[in-house]
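Student: Mind having a look at this structure? Questions to follow.
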Amino acid sequence: MGQVLVLGLLSGGIYALFAVGVVLVYRGSRVLNFAQGEVGTAGLFLATWLTVDHGLPWIGGAIAAIVMTAAIGVAFERFVVRRMGDAPRVSVAVATVGLLLFVSTLELIVFKLGGKPRSIDGPIAGAGAKIAGVVVSPTQMLSLVVALGIGVGLAVLLRRTDFGLGVLAAAQDTAAARLVGVPVNRVSAFVWGTGAAVTTLGCLLIAPGLGAFAPGAVSRLFLFGLAAAVLGGLTSLPGAFAGGVIVGIVEASAGRIFESVALPGVKTLAVFVLLLVTLLVRPDGLFGSKA
Amino acid sequence: MIRKLSALLALLLLTSCTGARLPKEVAARNRTDTTLSANESTTSTSVDGSDPLGGVTNPSTLPSLPAKGKGSTTATTLVAADTSAVRSTLFTPNENTIGITKDSITLCAHAALTYGAAFNTSDKDLNVYWSAINDAGGIYGRKVTVTYENDDYKPDTAVQAANACKQKNPFALIGGIGFDQIPAVRNWAETNHVLYIHHTATVEGTQNQHYSFTGLPSTEKMGEMFGELVAARYRGKKVGIIKRNSPNWEPGVKAFKAVAQKYGVQIVAEDPVDQNQGSYQQELLDMSNHGAQVVWLWENALDSTQIVKQSKAQAYNPQFLLFPFNLTSQTLNNDAMNPPLVGVAMYPAYSFHDYSGSFASYASDMKEFEAEYAKYRPNADLTGFGGDLLFLNWTGMKGLAVLLQKCGPDCTRNKMVDVMTSLKVARPFPASCDVDFTRPGFPRMGGFSVNVMQTYRSPSGDVNWRNTDTCVEHLL
């Protein structure tokens with residue numbers, strides 16, 4: 001049981017980091033951004049190139065990666081999302097799939113220059129601590145704290161500041177928000193840029209635990225992050241964190257319960273069933289409100 | 001809106017969970033254990049470099065060879081042409097000569113070019129063998145052209161790639177590495193009447209098929225040989241399996257377990273994982289909790305690399321058995337040496353400029369390969385992660401040249417089918433294993449031997465793989 005909890009929390013921390021980025025964009029634009037995981041991975045490659053290949057400190061590579069991916073998010077908002085202002089939100093979500101493919105291709109081109117799968121150390125060195133038989137690295141501990149901190153911090157920003165309220169208002173009724181003086185374009189750029197930055201931070205904290213990565217390496221993890229975001233309610237940042245942890249624990253529990261029969265796909269199936277049941281009982285997710 | 005998006009996500013998860021499943025059919029599995037010896041090579045003749053035209057009945061039909069001291073040696077005749085009457089009627093007269101003229105042979109391949117970038121290889125790098133052949137006059141005067149379509153390492157994309165290839169009217173469709181892609185394309189080849197020559201795949205579902213052929217061992221054979229490896233070297237130890245969650249990989253696991261059961265190997269844990277799963281901590285803990293001392297990774301190169309790396313981070317250090325790629329060993333570096341990794345492959349090991357030890361038996365092929373790359377693709381990185389992949393591709397293409405030479409100057413698709421149902425030749429070139437398309441119970445299959453490998457610190461300082469057993473059909 002202890003092992004399942006520790007494993008669930010570790011995986012949950014990863015999913016929560018992705019979910020927070022997804023929810024932020026959704027709250028600010030009502031769009032599910034399918035490209036976020038791959039944009040974060042692109043940042044990861046940049047950070048690796050700077051730190052591993054050119055000797056920059058981890059923090060330097062991380063800042064560069066976050067700035068670059070935030071710029072990608074802002075550029076996508078400026079040149080695609082804004083131009084699709086009146087289009088159905090599902091159409092914009094489909095446009096993010098286009099961004100995903102574009103970034104994947106870009107990674108492959110850049111990746112080819114590097115010519116090999118990459119690996120990167122975490123921000124904190126050390127052997128880690130053994131908890132319930134699981135070796136937990138300092139970076140894994142940090143990622144849990146960061147996921148919680150970002151979730152709570154952004155929730156406070158959105159609820160307690162004029163700018164944050166402007167974000168929510170712009171998402172609900174853009175025209176009305178503009179009439180009352182909300183800088184709608186700036187707000188939209190903020191959520192897309194910050195969403196990409198948060199996901200990149202997640203990738204940077206996840207990568208050391210993966211050991212090695214290539215384009216598309218976080219795709220499955222990001223899918224579970226999306227599941228966590230929907231489970232948490234898509235509009236709730238604390239819900240995103242809770243969703244991540246719940247998905248992580250359910251996945252780990254299913255793996256443990258069915259380990260003796262080696263049932264293929266059982267962990268993914270368990271998350272799917274959890275999501276389905278939750279949405280049947282609470283269509284807006286555990287912590288979500290009506291969109 | 002939330003509900004619509006939730007439904008979309010649920011669909012994504014369901015797809016991820018179930019995957020595309022092919023109907024399972026019972027395979028013909030009447031195994032025989034005969035092993036070819038060198039003197040069993042029937043009508044074919046292996047020729048050494050001093051007599052490039054030896055064993056061939058009609059030299060005027062052969063590719064013109066470069067002048068002595070110039071060019072490469074790849075135009076050396078590997079087998080003599082089959083001059084017997086054509087027996088196969090698989091292709092109609094209209095289909096029979098597609099992609100082949102008196103001066104050209106057109107081939108098209110589907111391959112995971114997406115991942116070529118990861119190995120620092122491109123489609124131009126993959127055609128070096130044919131550049132050398134064509135410069136030396138081609139196959140019976142026919143220049144061979146191979147183009148590539150990206151299958152993205154996915155079955156549905158592989159079928160799209162096959163369709164794209166068909167538009168080019170190739171003589172044959174070539175299938176690159178991919179346990180999941182090949183069965184999908186095999187089905188496609190049946191309905192599209194395309195001659196398909198592919199890499200390793202399961203034999204399940206092939207008993208009623210006619211258009212697909214392979215000169216390599218099956219997925220089942222690979223699993224069986226991993227099983228024999230465990231039984232031969234690690235009997236008495238507890239064994240765990242981390243395996244790809246795929247019906248196309250599962251037959252290898254069944255074969256492994258059958259061998260394990262036969263020799264009393266104790267399998268203590270078996271965990272399926274998804275492609276690109278990313279985190280394998282739970283599976284590794286399961287292995288550790290069950291005391292597995294040997295862990296067989298039935299996964300691709302990148303995922304296996306992640307698993308070994310994450311295992312070391314968990315201070316869990318079993319003996320790993322896996323598909324041997326330099327990508328894995330070079331990425332893991334010291335982690336691949338303590339203890340050395342062990343692998344089984346359908347291709348030979350390659351380590352740049354190392355012709356010592358077990359490399360010596362096929363050093364001539366390695367030198368030829370390196371010379372051709374120096375000439376045609378001097379910027380290709382043979383020392384890095386892609387070196388062994390380029391060598392395995394080069395040997396694969398050389399194997400294809402064996403088939404085309406055997407097909408002869410009057411080659412057609414039906415004649416090629418004849419070749420791939422009757423050819424039996426002992427190691428047609430040094431880096432190749434025996435080819436035998438005549439085994440009862442294995443229609444359209446010509447490969448039954450594997451190479452067992454182990455990691456080592458190469459003279460260049462990289463951790464690479466080298467053969468410990470070359471072209472073996474059994475280890476017990």
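The values are calculated or read from the model by the stated rules, or taken from the named source; none is laboratory data. Model, not experiment: these values are computed from the prediction. With ideal geometry, Cβ positions are generated from the backbone for all residues, glycine too; neighbour counts draw on all protein chains shown.
Student: Do we find that B:Ala315 is free of Cβ contacts under 8 Å to residues at least 40 places away in the same chain, hydrophobic (A, V, I, L, M, F, W, C) and in a loop (DSSP other than H, G, I, E, B) in this structure?
Tutor: Values: free of Cβ contacts under 8 Å to residues at least 40 places away in the same chain: yes; hydrophobic (A, V, I, L, M, F, W, C): yes; in a loop (DSSP other than H, G, I, E, B): yes.
Yes; evaluated as a whole, the condition is true for this residue.
Student: Next up: Name the residue, out of B:Thr206, B:Thr157, that is out of contact with any Pro (no Cβ under 7 Å at 6 or more places or on another chain) and without any contact (Cβ under 8 Å) to a residue 40 or more places away in the chain. It would help to see each step written out before you state the result.
Tutor: Values: B:Thr206 fails: without any contact (Cβ under 8 Å) to a residue 40 or more places away in the chain.
None of the other options fit; the residue is B:Thr157.
Student: When the residues of region B:448-468 are narrowed to those that are assigned to a loop (DSSP other than H, G, I, E, B) and surrounded by fewer than 24 Cβ atoms within 10 Å (Cβ to Cβ), which ends up nearest to the chain's Cα centre (by Cα)?
Tutor: First, pick out the residues of region B:448-468 that are assigned to a loop (DSSP other than H, G, I, E, B): B:448-449, B:458-462.
Checking which are surrounded by fewer than 24 Cβ atoms within 10 Å (Cβ to Cβ) leaves us with B:449, B:458-462.
Working: B:Ser449: 12, B:Ser458: 24, B:Pro459: 26, B:Ser460: 26, B:Gly461: 27, B:Asp462: 24 Å.
Selected residue: B:Ser449.
Student: Only one of B:Ala301, B:Ala292 is more than 8 Å from chain A (Cβ to nearest Cβ) and under 18 Å from the mean Cα position of the chain (by Cα). Can you tell me which? Full working, then the answer.
Tutor: Numbers: B:Ala292 fails: under 18 Å from the mean Cα position of the chain (by Cα).
When all the criteria are applied, what remains is B:Ala301.
Student: Tell me the residue from A:Gly122, A:Gly115 that is surrounded by 15 or more Cβ atoms within 10 Å (Cβ to Cβ), modelled with pLDDT under 85 and under 17 Å from A:Val52 (Cα atoms), please. Spell out the reasoning first.
Tutor: Values: A:Gly122 fails: modelled with pLDDT under 85.
So the residue among A:Gly122, A:Gly115 that is surrounded by 15 or more Cβ atoms within 10 Å (Cβ to Cβ), modelled with pLDDT under 85 and under 17 Å from A:Val52 (Cα atoms) is A:Gly115.
Student: Just name the residue that is nearest to B:Asn464 (Cα to Cα) out of those in region B:385-400 that are surrounded by fewer than 24 Cβ atoms within 10 Å (Cβ to Cβ) and of a type in the set (Gly, Ala, Ser).
Tutor: B:Gly396
Student: Does B:Leu403 qualify as being crowded, with 22+ Cβ neighbours inside 10 Å, aliphatic (A, V, I, L, M), assigned to a helix (DSSP H, G or I) and within 14 Å of chain A (Cβ to nearest Cβ)? Walk me through how you get there before you give the answer.
Tutor: Details: crowded, with 22+ Cβ neighbours inside 10 Å: yes; aliphatic (A, V, I, L, M): yes; assigned to a helix (DSSP H, G or I): yes; within 14 Å of chain A (Cβ to nearest Cβ): no.
In short, no.
Student: Out of curiosity, is B:Thr214 surrounded by 19 or more Cβ atoms within 10 Å (Cβ to Cβ) and either among the aliphatic types (A, V, I, L, M) or out of contact with any helix residue (DSSP H, G or I) (no Cβ under 6 Å at 6 or more places or on another chain) (or both)? Give the derivation first.
Tutor: On the way: surrounded by 19 or more Cβ atoms within 10 Å (Cβ to Cβ): yes; either among the aliphatic types (A, V, I, L, M) or out of contact with any helix residue (DSSP H, G or I) (no Cβ under 6 Å at 6 or more places or on another chain) (or both): yes.
Spelling it out, B:Thr214 is indeed surrounded by 19 or more Cβ atoms within 10 Å (Cβ to Cβ) and either among the aliphatic types (A, V, I, L, M) or out of contact with any helix residue (DSSP H, G or I) (no Cβ under 6 Å at 6 or more places or on another chain) (or both).
Student: Further, regarding this structure: Working carefully through the options B:Ala292, B:Ala301, B:Ala258, find the one that is crowded, with 23+ Cβ neighbours inside 10 Å, modelled with pLDDT of 95 or more and of a type in the set (A, V, I, L, M). It would help to see each step written out before you state the result.
Tutor: Numbers: B:Ala301 fails: modelled with pLDDT of 95 or more; B:Ala258 fails: crowded, with 23+ Cβ neighbours inside 10 Å.
That would be B:Ala292, the only listed residue that is crowded, with 23+ Cβ neighbours inside 10 Å, modelled with pLDDT of 95 or more and of a type in the set (A, V, I, L, M).
Student: I would also like to ask the following. Hey, among the residues in region B:319-331 that are touching a helix residue (DSSP H, G or I) at 6+ places or on another chain (Cβ under 7 Å) and under 21 Å from B:Val239 (Cβ atoms), which one's nearest to the other protein chains (Cβ to nearest Cβ)? Give the derivation first.
Tutor: Narrowing region B:319-331 to residues touching a helix residue (DSSP H, G or I) at 6+ places or on another chain (Cβ under 7 Å): B:320-323, B:325-329, B:331.
Of the ones still in play, those that are also under 21 Å from B:Val239 (Cβ atoms) are B:320-323, B:328.
On the way: B:Phe320: 13, B:Leu321: 18, B:Leu322: 14, B:Phe323: 15, B:Thr328: 9 Å.
The qualifying residue nearest to the other protein chains (Cβ to nearest Cβ) is B:Thr328.
Student: I've got another one for you. If you check B:Ala313 against the conditions, is it of a type in the set (Gly, Ala, Ser), under 27 Å from the mean Cα position of the chain (by Cα) and either within 9 Å of another protein chain (Cβ to nearest Cβ) or closer than 17 Å to B:Leu341 by Cβ (or both)? So that I can check it myself, show each step before the final result.
Tutor: Numbers: of a type in the set (Gly, Ala, Ser): yes; under 27 Å from the mean Cα position of the chain (by Cα): no; either within 9 Å of another protein chain (Cβ to nearest Cβ) or closer than 17 Å to B:Leu341 by Cβ (or both): yes.
Judged against the criteria, B:Ala313 is not a match.
Student: Output the residues belonging to region A:227-244 that are surrounded by 24 or more Cβ atoms within 10 Å (Cβ to Cβ) and β-branched (Val, Ile, Thr). Lay out the reasoning, then the answer.
Tutor: Going residue by residue through region A:227-244, those that are surrounded by 24 or more Cβ atoms within 10 Å (Cβ to Cβ) are A:227-234, A:237, A:239-241, A:243-244.
Correct list: A:Val230 only.
Student: Select from region A:64-94 the residues that are away from every other protein chain (no Cβ under 14 Å), of a type in the set (A, V, I, L, M, F, W, C) and under 20 Å from the mean Cα position of the chain (by Cα) and list them in ascending order.
Tutor: Here is the first cut: in region A:64-94, the ones away from every other protein chain (no Cβ under 14 Å) are A:64-86.
Okay, now just the ones that are also of a type in the set (A, V, I, L, M, F, W, C), so A:64-68, A:70-72, A:74-76, A:79-81, A:84.
Listed by number, the residues that qualify are A:Ala64, A:Ala65, A:Ile66, A:Val67, A:Met68, A:Ala70, A:Ala71, A:Ile72, A:Val74, A:Ala75, A:Phe76, A:Val81.
Residue by residue, here is whether (1) at pLDDT below 90; (2) within 11 Å of chain B (Cβ to nearest Cβ); (3) touching a strand residue (DSSP E or B) at 6+ places or on another chain (Cβ under 8 Å) holds:
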position: A:Val167; (1), (2), (3): yes, no, no
position: A:Ala171; (1), (2), (3): yes, yes, no
position: A:Ala176; (1), (2), (3): yes, no, no
position: A:Gly193; (1), (2), (3): no, no, no
position: A:Ser219; (1), (2), (3): yes, yes, no
position: A:Leu231; (1), (2), (3): no, yes, no
position: A:Pro238; (1), (2), (3): yes, no, no
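Student: Among the candidates B:Asp418, B:Asp365, B:Asp436, which residue alone is in contact with a strand residue (DSSP E or B) (Cβ under 7 Å, 6 or more places away or on another chain) and either surrounded by fewer than 20 Cβ atoms within 10 Å (Cβ to Cβ) or touching a residue at least 12 places away in the same chain (Cβ under 8 Å) (or both)? Quick ask: steps written out before the conclusion?
Tutor: Numbers: B:Asp418 fails: in contact with a strand residue (DSSP E or B) (Cβ under 7 Å, 6 or more places away or on another chain); B:Asp365 fails: in contact with a strand residue (DSSP E or B) (Cβ under 7 Å, 6 or more places away or on another chain).
On inspection, the qualifying residue turns out to be B:Asp436.
Student: Can you find a residue in region B:154-172 that is under 24 Å from B:Ser432 (Cα atoms), crowded, with 20+ Cβ neighbours inside 10 Å and of a type outside the set (D, E, K, R)?
Tutor: Checked region B:154-172: at least one residue is under 24 Å from B:Ser432 (Cα atoms), crowded, with 20+ Cβ neighbours inside 10 Å and of a type outside the set (D, E, K, R).
Student: Right, next: Among the helices (runs of 4 or more DSSP H) lying completely within region A:1-105, list those that include at least 1 residues that are among the charged types (D, E, K, R) and surrounded by 16 or more Cβ atoms within 10 Å (Cβ to Cβ).
Tutor: On the way: elements: A:2-29, A:36-48, A:58-76.
The qualifying helices (runs of 4 or more DSSP H) are A:2-29, A:36-48.
Student: Report whether or not A:Gly265 is more than 26 Å from A:Pro138 (Cβ to Cβ), surrounded by fewer than 24 Cβ atoms within 10 Å (Cβ to Cβ) and either touching a Ser or Thr at 6+ places or on another chain (Cβ under 8 Å) or more than 10 Å from every other protein chain (Cβ to nearest Cβ) (or both). Don't jump to the end; show me each part of the working.
Tutor: On the way: more than 26 Å from A:Pro138 (Cβ to Cβ): yes; surrounded by fewer than 24 Cβ atoms within 10 Å (Cβ to Cβ): yes; either touching a Ser or Thr at 6+ places or on another chain (Cβ under 8 Å) or more than 10 Å from every other protein chain (Cβ to nearest Cβ) (or both): yes.
For A:Gly265, the condition - more than 26 Å from A:Pro138 (Cβ to Cβ), surrounded by fewer than 24 Cβ atoms within 10 Å (Cβ to Cβ) and either touching a Ser or Thr at 6+ places or on another chain (Cβ under 8 Å) or more than 10 Å from every other protein chain (Cβ to nearest Cβ) (or both) - is met.
Student: Please determine whether any residue of region B:369-379 is of a type outside the set (Gly, Ala, Ser), over 20 Å from B:Cys471 (Cβ atoms), within 14 Å of another protein chain (Cβ to nearest Cβ) and out of contact with any Asp or Glu (no Cβ under 8 Å at 6 or more places or on another chain).
Tutor: The answer is yes, given that some residue of region B:369-379 is of a type outside the set (Gly, Ala, Ser), over 20 Å from B:Cys471 (Cβ atoms), within 14 Å of another protein chain (Cβ to nearest Cβ) and out of contact with any Asp or Glu (no Cβ under 8 Å at 6 or more places or on another chain).
Student: While we're here: Go through region B:180-196 and count every residue that is over 14 Å from B:Val159 (Cβ atoms) and surrounded by 24 or more Cβ atoms within 10 Å (Cβ to Cβ). Even if it seems obvious, please write down each step before you answer.
Tutor: Restricting attention to region B:180-196, the residues satisfying the condition of being over 14 Å from B:Val159 (Cβ atoms) are B:193, B:195.
Then drop every residue that is not surrounded by 24 or more Cβ atoms within 10 Å (Cβ to Cβ), which leaves B:195.
Result for region B:180-196: 1.
Student: Right, here's the next one. Could you check A:Leu204 against (1) surrounded by fewer than 24 Cβ atoms within 10 Å (Cβ to Cβ); (2) more than 26 Å from A:Leu286 (Cβ to Cβ); (3) modelled with pLDDT of 85 or more and say which number it fails?
Tutor: All conditions pass for A:Leu204, except number (1).
Student: Going through B:Val273, B:Val308, B:Val268 one at a time, which residue ends up being surrounded by fewer than 21 Cβ atoms within 10 Å (Cβ to Cβ) and under 23 Å from A:Glu251 (Cα atoms)?
Tutor: Working: B:Val273 fails: surrounded by fewer than 21 Cβ atoms within 10 Å (Cβ to Cβ); B:Val308 fails: surrounded by fewer than 21 Cβ atoms within 10 Å (Cβ to Cβ).
The match here is B:Val268.
Student: Do any helices (runs of 4 or more DSSP H) entirely within region A:173-256 hold 3 or more residues that are touching a residue at least 12 places away in the same chain (Cβ under 8 Å) and under 14 Å from the mean Cα position of the chain (by Cα), and if so, which? Steps first, please.
Tutor: On the way: elements: A:174-179, A:184-210, A:219-232.
It comes to A:184-210, A:219-232.
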